[in-house]
Structure formats: structure tokens, C-alpha cells
Amino acid sequence: MHYSVFKIISEGLKGNTGWKPQWRDPEPRKEYDVVIVGAGGHGLATAYYLAKEFGIRNVAVLEKGWLGSGNIGRNTTIIRSNYLLPGNEPFYEFSMKLWEGLEQDFNYNAMVSQRGIINLYHNDGQQAAYLRRANAMRMAGADSVMLDRDELQKLCPFLDYDNARFPIKGGIMQPRGGTVRHDAVAWGYARGADERGVDIVQNCEVTGFQIKNGVCTGVETSRGPIKAKKVAVCVAGSSSRVMEKAGIRLPIESHVLQAFVSEGLKPTIPGVVTFGAGHFYVSQSDKGGLVFGGDLDGYNTYAQRGGLPVVEDVCEGGMAIMPMIGRARLLRSWGGIMDMSMDGSPFIDHTPVDGLYFNGGWCYGGFKATPASGYCYAHLIAKDEPHEVAAAYRLDRFRRGAMIDEKGMGAQPNLH
Amino acid sequence: MIIDHPLLGPRDSAEFVYLGDACLIERPDWQDENALDAFHDYLYLRDNPAGEHRELWFHEQGDRSWLVVTRNTLTHEITKVELARDVARALGRSK
């Protein structure tokens, strides 16, 4: 199903009776070259790039619920590549470049809106740290701008610059950062993969793996066994639950992260703004709602809801940098389950079982990584070697002492 | 969530700091032959179950005791709260 102005007009004249589903609803076949477990953003992107870039089209994407029902539908839609460490920054910059060409690539309106992301700083030490980050970003080919208070004030006049506790001294900006219509990313990838012959099988839960002599030859599902030369798990949020069926323990805890939307307001926030002294970030959706969030609740959970202490903490952060947010009413809030890894960075890797691949541990940075995660995972599956920008995302990095710990928190998942 | 502290009675979970899986009490023997593997698994790998989970909470805003809380990660229902000290001693630890 493709869309154009002429299609809209002609359908309007025909009473909108000619629209068709954007992808098929196929019965799963007995055997595929590649089975991807999980039709979320990353799984669909993997299928799309496998078919489009690596020529592997005999692929099924199996999904327990409906496609895009996980964190691709529960995030705060921010894209950015403002990381510090060499293992991360080239990967996220690769992702940013894919975002920039995404809509043309899969011919779908994902509303990629590069309005910039600003991280505020409140003291000299933080300024120095951000300057270091700005330089690290530039060395990886990303863009960064240091803003002093006057420059920042022109962009964001609404911030509380002279707050007694956390005065705002300036910020680091990535002008190419921004937001994307998150659901459309899943739909665009799904349609693109489906058109190239990928079977997206919904309501099909993987209940086990067929593993013989250390080789994975397929999966057991609620709709019968499916054989596959390669099985690629891509279920961030539930990674431990699924990989347990293959007998693999992961360096991951599941935590809930809450997000909030206010009532619709006139355009007021340019891009994304994040607080430097607490955990709070805010952007404005195209409908006008302020979309904001903050910290994890902090305890292991698989329930997609959080508690009130974090609601209070996030709102306090909001009040500290932009007191006007206190006049907006909260419309809704929700929680999503994160794979929190031991160093705050993800995994795209082989597993100890031959033919079984793993993608997960995205912490709360999975959405922005969607295109690069899919591309690099497809590369790993197709060529059996990691893509150069994802080469550091190995499962054995803790054993080797090669952690990618952006925040320097150590092996404490709820602090990343 | 309300944590029913064995000494202080029901307390708001916001008074506590969360550490993680209670398996952290069982620190491997550093002189063991497989100490390297054991410490890797101890430090970095987790069961991360969906359902009953035994976990360590620290009563930072209270009496500063460590608790082992048995909680369901799907429903947040807390079924058992013990002093971590008692759990460790039952495992043969001296403190």
C-alpha cells in the first residue's frame, strides 16, 4: 500500500473504500533462512535491512503480540548521537545518518524532525565535561555546539536561569538531534520488509528453541515449530525471559522507565532540553503536548507501570528548570520495560549457541538506535561478523574488562 | 510500594535504596580454582526473573539496615521481608 496526494483525492471521491492493509498477515511456513524473534522497531529494522541491503529475503519476524507493541510505542521519540565513548559514539552517529535518510529510504513519513537537543550545564566542572563530550562527538563526525548563557537564552527564554540551587550557565547542543514519529518507524520498516518478502507473523509467541549439540536449528512457537538456519532474538525488555529458554543468563536487569505527556500547548519548546543537575528531559510533540521523563523507578520489574515517587521526582526536575511547566496539566503517563545492562550499553552479538544471535540491553537508549541496530544486526546475521561501528557490543566484554560505561557507574544497572 | 520492615513495620519503599538480586550475598570464594568465572557470573550475570524475585533493599532513610525482600516483578506484591543479616547468617556467614 503506497500513498500519494492523488491517491488521497481519488480515495476521497470513492468514499475511502480502496485502502488496503500495509502488510500481509501470513501463516508461518515450516522453514526460513532467518527467524527474527520480536517485531519491534529493532526486529523490523533488522528484517528490512536483511532483505534490502544483504539480499536475505526468506525471513520471518515472529511477534507474541502485535507489531510495534513494545518500546517502539512507549518511548519519548528522541534521536541524538551525543555520546562520549569510542565504543558508542560512531554507532549512534551511524544511526543518526540513517535517520536523516530514512524517510526517503523506506518511502514513509516518519516525521523526522531535527530541531536540536540541548543538555544544560550548571557549573564549571560540568561545562568542562560537556566540552570534552562535544569534541569527542566531532571526532566521530557528529555535530556539537557549546552555548553560553546568552546564546541559550535566545533559544530557550523560558528556562529559570537564576535558580538559586541550579543556575543555568549554558548548554551543549547537537543541532541534528530531534524527534521522530515513533510508530511510523515500525510501520515503515514493516511495510518495507513485507514488500520484500519477509513474513511478519503476529500473535505467534516463541516458547522455546530447538538446540541440538550446541546448534540452534529453529524455534518452538505457539503456532507450531519453525525451522531456521539462523535465529535472531531481538526482544529488549524481555531479553532475559526469552534467552532463558536457550539456557543463557544475561548481564541484564529489567527496569521500568516512565514517561509523561501534558495537554496540548502552543509551540514553546525548541527541540529537546535536558536538565543537568537532576534527571529530567522535555520535548514538544507535533500535537503540542510536552513529552517528558526522567529516572528509572529503580527496582527489577516487568510491570509496564511505575510508582508515584518517580512522578514526583520528574516533576520536581521540570519545575527546577522551567517553572512554567507547573501550569500545564498532565494528560497521561506510562511505563516501558528496559533491558538495563551492567555497563549501560547494548549487545549485538553471537551467543554461545551456534546459529543463535542476540540483540538487546538497550537501556533507555533503544529508540534512537533503531536504524543502526537493525543494520548492524542484519550485518552480523548475514556475514557472521560484526559491523565495524557495533564491534564493541560483545557479550563477553565484562570478562575482558572492556566495559562501555558512559556514566562510570559500574555494574549497577539501575544507575545507568 | 510498602515494605513491611521486620523491625520498624510498614515503610514506604521511597525510604529505601535498591541494590539488586539477593544472590549478591553469596560472594564466591576468591581462592577457588574457578574464582575468575565465579566472580564474572557473580558480578555481571543475573537471572532477572518475571515473577518471584529475592532482592536487596537498603533502608537509607531509616535504620540503615539491609533487607532481603521477596517481591513479584510482575505484580509488585511483596510476600516476605527478612533482615539480610539473618539471611547471611543462615548461609553460614559470620556477619
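Here, each number is a calculation from the coordinates, and none is a lab measurement. Since the structure is predicted, the reported quantities are computational estimates derived from the model, not experimental observations. Reconstructed Cβ throughout: ideal geometry from the backbone, glycine too, with neighbour counts over all protein chains shown.
Compute the acute angle (0 to 90°) between the alpha-carbon long axis of helix A:370-383 and the principal axis of greatest extent of the alpha-carbon atoms of chain A; round to the nearest 10°.
Helix A:370-383 sits roughly 30 degrees off the main axis of chain A.
Across peptide A:290-302, how many C-beta atoms of other chains are within 10 Å of each residue C-beta, on average?
Counting Cβ atoms of other protein chains within 10 Å of each residue's Cβ and averaging gives 4.
Please work out the Kirkwood hydrodynamic radius for segment B:2-90, using every pair of different C-alpha atoms, and report it in angstroms with one decimal place.
14.0 Å
Can you sort A:Leu84, A:Leu331, A:Leu44 by how many other beta carbons sit within 10 Å, fewest first?
A:Leu331, A:Leu84, A:Leu44
Using only the alpha carbons, work out the radius of gyration and Dmax of the protein assembly as shown in angstrom.
Using the Cα atoms of the protein assembly as shown, the pair Rg, Dmax is 23.6, 82 Å.
How fast does segment A:169-322 diffuse by Stokes-Einstein, in µm²/s, taking the Kirkwood radius from C-alpha pairs at 25 °C and 0.890 mPa s?
Approximately 127 µm²/s, per Stokes-Einstein.
Summarise the partner chain shielding of A:143-154 as one whole number: the mean count of Cβ atoms from other chains within 10 Å of each residue's Cβ.
For peptide A:143-154, the averaged partner shielding equals 0.
Would you mind checking A:Lys52/A:Lys230; A:Lys97/A:Lys230; A:Lys30/A:Lys212; A:Lys266/A:Lys287; A:Lys212/A:Lys245 for any pair whose Cα atoms are more than 20 angstrom apart?
Correct reply: A:Lys97/A:Lys230.
Of B:His40, B:Gly62, B:Phe16, which is farthest on the positive side of the dipole of segment B:2-90, counting Cα position, with +1 on Lys and Arg Cβ, -1 on Asp and Glu Cβ, and the Cα centre as origin?
B:Gly62
Between A:Leu331 and A:Arg241, what is the FRET efficiency for a Förster distance of 45 Å, r being their Cβ-Cβ separation, to the nearest 0.05?
Plugging the Cβ-Cβ distance into 1/(1 + (r/R0)^6) gives 0.90.
How much mean residue ellipticity at 222 nm does chain A get from its helices, if each DSSP H run of length 4 or more adds -39500 (n - 2.57) and you divide by all residues, to the nearest 500 deg cm²/dmol?
-8000 deg cm²/dmol
Give the residue list of trypsin sites (Lys or Arg not before Pro) in segment A:25-99 that are DSSP loop and have at most 10 other beta-carbon atoms within 10 angstrom.
A:Lys30
Kindly identify segment A:1-126 as rounded, prolate or oblate by the Cα gyration tensor criterion: order the square roots of the eigenvalues as a ≥ b ≥ c, call it rounded if a/c is under 1.5, otherwise compare a/b with b/c, prolate if a/b is larger, else oblate.
oblate
What FRET efficiency do you get for A:Glu312 and A:Ala129 if R0 is 30 Å and r is their Cβ-Cβ distance, rounded to the nearest 0.05?
FRET efficiency, A:Glu312 to A:Ala129: 0.60.
Can you give the mean number of other chain Cβ atoms that lie within 10 Å of the Cβ atoms in peptide A:254-262?
Partner Cβ neighbours, averaged per residue: 1.
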